[in-house]
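The values are calculated or read from the model by the stated rules, or taken from the named source; none is laboratory data. These numbers come from a predicted model, not from an experiment. When we count neighbours, we look across all protein chains shown, and the Cβ atoms used for this are built from the backbone with ideal geometry, even at glycine.
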Amino acid sequence: MIVGAQPAPPRGLYLHVPFCRSLCPYCDFVVVAGAAAFGPRSRMGGYLNAIEKEIDLRATLADKTFGTLGSASRQPLETLYLGGGTPSLLPTERLAALIERVRDRFGLAPGAEVTLEANPGADERGDLRGSVQAGVTRLSIGAQVLDTSALRTLGRRHTPDDVVATVAAARSAGVTSLSVDLLADLPDLPFDAWAASLDRAIALGVDHLSVYALTLSLGPDETGDDRLATPAGAVAWRERAAAAQDEERGAQELEHLNSRLPAAGYDWYEISNWATPGHASRHNTLYWERASVAAVGPGAHAFDGVTRRWNSANLDAWEAALQQGELPPGGELAAESGTAGVAEGLVLALRMARGVERDAAVRDGFGDAIAWGESNGLLTQHPTDATRVQLTLRGRLLSNELFARIA
Amino acid sequence: MSTIPQSRLRNFSIIAHIDHGKSTLADRLLEATNTVEARLMTSQVLDSMDLEREKGITIKARAVRLDYVAKDGLTYGLNLIDTPGHVDFAYEVSRSLQACDGAILVVDASQGIEAQTLANVHLAMKLGLVIIPVLNKIDLPAAEPEMVMSELEESLAIPREEVILASAKSGIGISEILEALVARIPAPNGALDAPLRALVFDSHYDTYKGVVNYIRVQEGRLKTGDPILMMGSGAACVPVELGYFRPQHVPVQELVAGEVGYIATGLKSVRDARVGDTVTSQTSPAAEPLPGYQVALPLVFAGLYPLSGEDYPALREALEKLHLNDASFTFEAESSAALGFGFRCGFLGLLHMEIVQERLEREFNLQLIASAPSCKYQVMLNGGKGELLINNPAQLPSPNHIDEIREPWVSASVVTPATYIGTIMELSTDKRGIFDGMEYLDEKRVVMRFQIPLAELIVDYFDQLKSRTQGYASLDYVESEYRVAPLVKLDILVNGEPVDALSTIIHRDRAQGSGRNLASKLKELIPRQMFEVPIQAAIGGTIIARETVKAVRKNVLAKCYGGDITRKKKLLEKQKEGKERMKRVGSVEIPQEAFLAVLRTDAD
């Protein structure tokens, strides 16, 4: 039970790097690009100084709350995730310094997973050998699709060959765990072309695949978040692209994954994620298990087991505060206790293949939703543990129908 | 306020079409007589309801007393009784006119006379009121005063030398109008020493003062503290307060024959002090009441339902409260499988329905859904079982019990530029209307008369009329008679379950088209479900149209950006809220918006 839960020391840390070579019109991440990312007016230097300060401030706070590093109540981090943006754009020595700073202040357990997100373009993937030397153990490559014209439609700078080259470079650099990110339900891409792209991705022989249906947020953000406004050009692009998506085709693609990926040796472990044994993302698993994860960088989100907290997505505001030696502005969501917390835990856990313990969910008051999921073919008994239920294939495609009955 | 002798009182009203400048003229009269201080002057002073200001219409009659120093140096008490202009509120107009001795007829100098205005002027003339014709907006470039004056001459026999040229906006002609009120309208002539007789021409409910009656004293005097008797209801009371309107209440000690004012009765129920009743004195009552008013009967009926079922008691309370201020609508409890518990309400017309719904939503903070408007049908049962009056399609017995169904018809008149004669003819006959004749008002404009079924009129006739004539045509109608018609009940079935709120009584020839249209609209509006959902239109057991909502195939959230569970949760909560607002029809979840959208659109 979450009731009366206490904040827990972080087991992972998310570090947001907001820079990109160029903006992708479908992306909602907190990103700056162009002159702000490169050249004489680059914000990179100011950002790097500020992020080091934030690591220090957050660590000091953790020291106070949970005890100093190395004490029984404050274990070193199990995961570090550098996400973006395009973290592979960080100069190698600064990347190394950042990881060192994290190791110094938060600790990194032996065998910790250190993920770096990378873009496949030759001028974007960075110095992979240097990254591995700096401590990166896992590379997540933003391939999106291995189809030349589909990549062009998406406004990506790279080609399918760049993806192949990046995977080869990563392997030879000694990256121990390699993941490729893919999208489904792409505008104007026929099913056969998409399936061929998937086969090319499988042929790369990576350890982990993420496949998300492309979700285009249209119109004003309705959640009232502190998010950056979508540029006008991107809005127009999204409207065109959304019209060229096809729910039926998207559904077929997601269904195709279910037969194709296991045959290729990837186990389904989360709604959108497949991995060969031992290569599931440990960092993302912390989120799905509702574990404590710290976060630094503009727009980054943290959770301490009780409260969700986030930094302002505004780079200026974030940087200005840190220059003054203060924590950046942001927001937080009051203690997630009671039913809301349990519901959130249930929704997150149901994303995973291991599912949830049926009796516990019923006991917590979600019997109706579970029964609805079962009778509509969204939930089924876990294949190896009769006390648990998990999403069916249909359930994975329609998960929100179920989650909206729980959340 | 000094007492003004009866000989210097003038009671008048303003008759005008929407947008012809009635409210602006009223504002100018108020200013010119210093009735409202300049710093308190807002536009449309008399239209105090937000809804009235937004829609630019007057809904409730109001009165205001203007003290005017005329050119003869004497002070006159001018009582302006403001009236609604829309056809739905014709009954309010007739009541207000009965309290007057004259009326200013405002006609837009570029638009000319409209259907509504014609009807109201005829009414005023029948009541023997002096008409003061005013051509407004004469300073606009499009003004055609000569043409409009000949229109007045030809259609209403108003001599052009009586017409005052004015522009309420720029203050032209205001002093002439004030002088004409004094010179042309006769002073009221009720005997001051006769027993008290005062006509209630409107009322509203005040939490502190109880029912407040707006009255015109015809004969006698009423003093503060005098016990009074309502001759119709028999209710007796000692008024809490008497007074004038300015336009806010100004208490006085006495109201005498000829005056217009209010009585705060302290009575708790509007039923005890109805509009049209006669107020007299308990101590020396009058022998006969004044001729009252014909009670306005609802023509249009619809179910009003709260969006969320728990608001049902709140809706009942709101209807009861609103009814205290507007006794012209009716309501009784009903329930619908699709919409839950609600009320069957009767309205004077579509605008009245819209206004009641909006007032309930705004003034009582309710969210409502209205079922398709219907009228009152006479159903002759077979086997000598007599006649049934129904105002709800759900009440219609099955066809094998019915001999015939009769529907109400209205006599409609449309005033329009002659260029639209063909268009209006087409629209009206398309709506089963029967052409009754046409007269030219002048060389450019005509009055067309039709007999038309009310059911057709309340669907979208007015909207169509406006849009097909670029807003130039105007409409007036009165109930005429019931006629037999081949009417059937059209049901809409979702996943095999009838949606009672969407059932309509419709002409047999229209059923197919309407059924197809409703089914295809619903198809667009019903979100995909977990399974395939057939939508059917049926008459009795016969399916006449069918559509299918395909099953939902995928509903997954996008990638979680940097651990941003919060956003994901918000998006899920939005979906959840959406689900909670759904109504269940069998196992199908239908959003309220779908009903609203279907109910709001025309059936063509």
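If I filter the stretch A:154-164 for residues that are modelled with pLDDT under 95, surrounded by 20 or more Cβ atoms within 10 Å (Cβ to Cβ) and of a type in the set (A, V, I, L, M, F, W, C), do I get at least one hit?
Yes - at least one qualifying residue is present in the stretch A:154-164.
Please go through the stretch B:339-355 and pick out each residue that is touching a helix residue (DSSP H, G or I) at 6+ places or on another chain (Cβ under 7 Å), in a helix (DSSP H, G or I) and of a type in the set (A, V, I, L, M, F, W, C).
Hits for the stretch B:339-355 are B:LEU350, B:LEU351, B:ILE355.
Out of all the residues in the stretch A:323-333, is one or more in a helix (DSSP H, G or I), more than 13 Å from every other protein chain (Cβ to nearest Cβ) and on the phi > 0 side of the Ramachandran plot?
Initially, the stretch A:323-333 is screened for residues in a helix (DSSP H, G or I), giving A:323.
From what is left, the residues that are more than 13 Å from every other protein chain (Cβ to nearest Cβ) are A:323.
With the extra rule that they be on the phi > 0 side of the Ramachandran plot, the set shrinks to none.
No, the stretch A:323-333 has no match at all.
So, B:PRO285, is that one at pLDDT below 90, in a loop (DSSP other than H, G, I, E, B), surrounded by fewer than 17 Cβ atoms within 10 Å (Cβ to Cβ) and over 20 Å from the mean Cα position of the chain (by Cα) or not? Let's see the steps before the verdict.
Working: at pLDDT below 90: no; in a loop (DSSP other than H, G, I, E, B): yes; surrounded by fewer than 17 Cβ atoms within 10 Å (Cβ to Cβ): yes; over 20 Å from the mean Cα position of the chain (by Cα): yes.
Considered against the rule, which asks whether it is at pLDDT below 90, in a loop (DSSP other than H, G, I, E, B), surrounded by fewer than 17 Cβ atoms within 10 Å (Cβ to Cβ) and over 20 Å from the mean Cα position of the chain (by Cα), B:PRO285 comes out as no.
Out of the residues in the stretch B:544-597 that are at pLDDT below 75, at the interface with another protein chain (Cβ under 9 Å from one of its Cβ atoms) and not in a helix (DSSP H, G or I), which is surrounded by the most Cβ atoms within 10 Å (Cβ to Cβ)?
B:LEU557
Looking at this structure, is A:ALA320 surrounded by fewer than 20 Cβ atoms within 10 Å (Cβ to Cβ) and part of a helix (DSSP H, G or I)?
On the way: surrounded by fewer than 20 Cβ atoms within 10 Å (Cβ to Cβ): yes; part of a helix (DSSP H, G or I): yes.
Yes, satisfied.
Looking only at residues in the stretch B:521-543 that are more than 30 Å from A:GLY373 (Cα to Cα) and without any contact (Cβ under 8 Å) to a residue 60 or more places away in the chain, which one is surrounded by the most Cβ atoms within 10 Å (Cβ to Cβ)?
The residue in question is B:ALA537.
Consider A:ILE51 against the criteria (1) among the hydrophobic types (A, V, I, L, M, F, W, C); (2) part of a helix (DSSP H, G or I); (3) over 25 Å from A:VAL132 (Cα atoms): it satisfies all of them except one. Which criterion is unmet?
Of everything listed in (1) among the hydrophobic types (A, V, I, L, M, F, W, C); (2) part of a helix (DSSP H, G or I); (3) over 25 Å from A:VAL132 (Cα atoms), A:ILE51 misses just condition (3).
With the requirement that a residue be of a type in the set (Lys, Arg) and in a loop (DSSP other than H, G, I, E, B), what does the stretch A:115-131 give you?
Scanning the stretch A:115-131 gives a single hit, A:ARG125.
Name the one entry in B:LEU518, B:LEU490 that is within 19 Å of B:ASP460 (Cα to Cα) and in a strand (DSSP E or B). Working first, answer last.
Working: B:LEU518 fails: in a strand (DSSP E or B).
When all the criteria are applied, what remains is B:LEU490.
Can you tell me how many residues within the stretch B:312-338 are buried (at least 16 other Cβ atoms within 10 Å of the Cβ) and assigned to a helix (DSSP H, G or I)?
Result for the stretch B:312-338: 9.
Among the residues of the stretch A:353-393 satisfying the criterion of being in contact with a helix residue (DSSP H, G or I) (Cβ under 6 Å, 6 or more places away or on another chain) and away from chain B (no Cβ under 14 Å), which is surrounded by the most Cβ atoms within 10 Å (Cβ to Cβ)?
The residue in question is A:ALA361.
Just checking, does the stretch B:185-202 include any residue being closer than 14 Å to B:ALA264 by Cα and in a loop (DSSP other than H, G, I, E, B)?
No, the stretch B:185-202 contains no residue that is closer than 14 Å to B:ALA264 by Cα and in a loop (DSSP other than H, G, I, E, B).
How about the stretch A:168-187: which of its residues are of a type in the set (A, V, I, L, M, F, W, C), part of a helix (DSSP H, G or I) and under 14 Å from A:SER131 (Cα atoms)? Before you say what the answer is, go through the steps one by one.
Restricting attention to the stretch A:168-187, the residues satisfying the condition of being of a type in the set (A, V, I, L, M, F, W, C) are A:168-170, A:173, A:175, A:178, A:180, A:182-184, A:186.
Now restrict to residues that are part of a helix (DSSP H, G or I): A:168-170, A:173.
A:ALA169, A:ALA170, A:ALA173 - these are the residues of the stretch A:168-187 that are of a type in the set (A, V, I, L, M, F, W, C), part of a helix (DSSP H, G or I) and under 14 Å from A:SER131 (Cα atoms).
Hey, A:ARG396 hits all of (1) under 25 Å from A:ALA295 (Cα atoms); (2) surrounded by 21 or more Cβ atoms within 10 Å (Cβ to Cβ) but one; which does it fall short on?
All conditions are met except number (1).
Has the stretch A:144-155 got at least one residue that is within 14 Å of chain B (Cβ to nearest Cβ), out of contact with any Ser or Thr (no Cβ under 7 Å at 6 or more places or on another chain) and either in a strand (DSSP E or B) or closer than 24 Å to A:PRO262 by Cβ (or both)? Quick ask: steps written out before the conclusion?
Here is the first cut: in the stretch A:144-155, the ones within 14 Å of chain B (Cβ to nearest Cβ) are A:144.
Now drop any that are not out of contact with any Ser or Thr (no Cβ under 7 Å at 6 or more places or on another chain), which leaves A:144.
Filter once more, so that each one left must be either in a strand (DSSP E or B) or closer than 24 Å to A:PRO262 by Cβ (or both): A:144.
Yes, the stretch A:144-155 contains a residue that is within 14 Å of chain B (Cβ to nearest Cβ), out of contact with any Ser or Thr (no Cβ under 7 Å at 6 or more places or on another chain) and either in a strand (DSSP E or B) or closer than 24 Å to A:PRO262 by Cβ (or both).
Out of A:PRO25, A:PRO40, A:PRO18, which single residue is more than 14 Å from chain B (Cβ to nearest Cβ) and within 22 Å of the chain's Cα centre (by Cα)? Outline the logic, then answer.
Values: A:PRO40 fails: within 22 Å of the chain's Cα centre (by Cα); A:PRO18 fails: more than 14 Å from chain B (Cβ to nearest Cβ).
Exactly one residue qualifies, and that residue is A:PRO25.
What are the residues in the stretch B:402-435 that are surrounded by 14 or more Cβ atoms within 10 Å (Cβ to Cβ) and outside any strand (DSSP E or B), if any?
Selection gives B:ALA418, B:TYR420, B:ILE421, B:THR423, B:ILE424, B:MET425, B:LEU427, B:SER428, B:LYS431, B:ARG432, B:GLY433.
Could you list, in sequence order, all residues of the stretch B:288-311 that are surrounded by 18 or more Cβ atoms within 10 Å (Cβ to Cβ) and touching a Ser or Thr at 6+ places or on another chain (Cβ under 6 Å)?
The answer is B:LEU290, B:ALA296, B:PRO298, B:PHE301, B:ALA302, B:GLY303.
Go through the stretch A:256-295 and count every residue that is on the phi > 0 side of the Ramachandran plot and touching a Phe, Trp or Tyr at 6+ places or on another chain (Cβ under 9 Å).
Step one: of the stretch A:256-295, the residues on the phi > 0 side of the Ramachandran plot are A:265, A:278, A:290.
Keeping just the survivors that are touching a Phe, Trp or Tyr at 6+ places or on another chain (Cβ under 9 Å) gives A:290.
The total comes to 1.
Scan (1) crowded, with 20+ Cβ neighbours inside 10 Å; (2) within 11 Å of chain B (Cβ to nearest Cβ); (3) among the polar types (S, T, N, Q); (4) over 30 Å from A:LYS53 (Cβ atoms) for the single condition A:THR215 breaks and write down its number.
A:THR215 satisfies every listed condition except (1).
Give the residue that is nearest to B:GLY433 (Cα to Cα), with candidates limited to residues of the stretch B:496-520 that are modelled with pLDDT under 90, surrounded by 19 or more Cβ atoms within 10 Å (Cβ to Cβ) and not hydrophobic (A, V, I, L, M, F, W, C).
Step by step, filter the stretch B:496-520, then rank; the result is B:ARG510.
Condition check: of a type in the set (Gly, Ala, Ser), within 21 Å of B:THR75 (Cβ to Cβ) and not in a loop (DSSP other than H, G, I, E, B). Does B:SER150 satisfy that?
Values: of a type in the set (Gly, Ala, Ser): yes; within 21 Å of B:THR75 (Cβ to Cβ): no; not in a loop (DSSP other than H, G, I, E, B): yes.
Taking the combined requirement at face value, the residue does not satisfy it.
Filter the stretch A:273-317 down to the residues that are more than 10 Å from chain B (Cβ to nearest Cβ), charged (D, E, K, R) and assigned to a loop (DSSP other than H, G, I, E, B), then identify the one that is surrounded by the fewest Cβ atoms within 10 Å (Cβ to Cβ).
Per the criteria, the residue is A:GLU289.
Assess whether A:ALA349 counts as being aliphatic (A, V, I, L, M), more than 12 Å from every other protein chain (Cβ to nearest Cβ) and closer than 30 Å to A:THR276 by Cβ. Even if it seems obvious, please write down each step before you answer.
Numbers: aliphatic (A, V, I, L, M): yes; more than 12 Å from every other protein chain (Cβ to nearest Cβ): yes; closer than 30 Å to A:THR276 by Cβ: yes.
Considered against the rule, which asks whether it is aliphatic (A, V, I, L, M), more than 12 Å from every other protein chain (Cβ to nearest Cβ) and closer than 30 Å to A:THR276 by Cβ, A:ALA349 comes out as yes.
For the structure I just gave you, tell me whether B:MET448 is surrounded by fewer than 17 Cβ atoms within 10 Å (Cβ to Cβ) and over 22 Å from the mean Cα position of the chain (by Cα). Step through it out loud before you land on a result.
Numbers: surrounded by fewer than 17 Cβ atoms within 10 Å (Cβ to Cβ): no; over 22 Å from the mean Cα position of the chain (by Cα): yes.
For B:MET448, the condition - surrounded by fewer than 17 Cβ atoms within 10 Å (Cβ to Cβ) and over 22 Å from the mean Cα position of the chain (by Cα) - is not met.
Could you list, in sequence order, the residues of the stretch A:334-346 that are in contact with a Gly (Cβ under 9 Å, 6 or more places away or on another chain) and either away from chain B (no Cβ under 14 Å) or at pLDDT 95 or above (or both)?
Across the stretch A:334-346, the qualifying residue is only A:SER337.
Hey, can you tell me all the residues within the stretch A:181-193 that are touching a residue at least 40 places away in the same chain (Cβ under 8 Å), more than 9 Å from every other protein chain (Cβ to nearest Cβ) and touching a strand residue (DSSP E or B) at 6+ places or on another chain (Cβ under 7 Å)?
Of the stretch A:181-193, the ones touching a residue at least 40 places away in the same chain (Cβ under 8 Å) are A:181, A:184-191, A:193.
From what is left, the residues that are more than 9 Å from every other protein chain (Cβ to nearest Cβ) are A:184, A:186-191, A:193.
Selection gives A:ALA184 alone.
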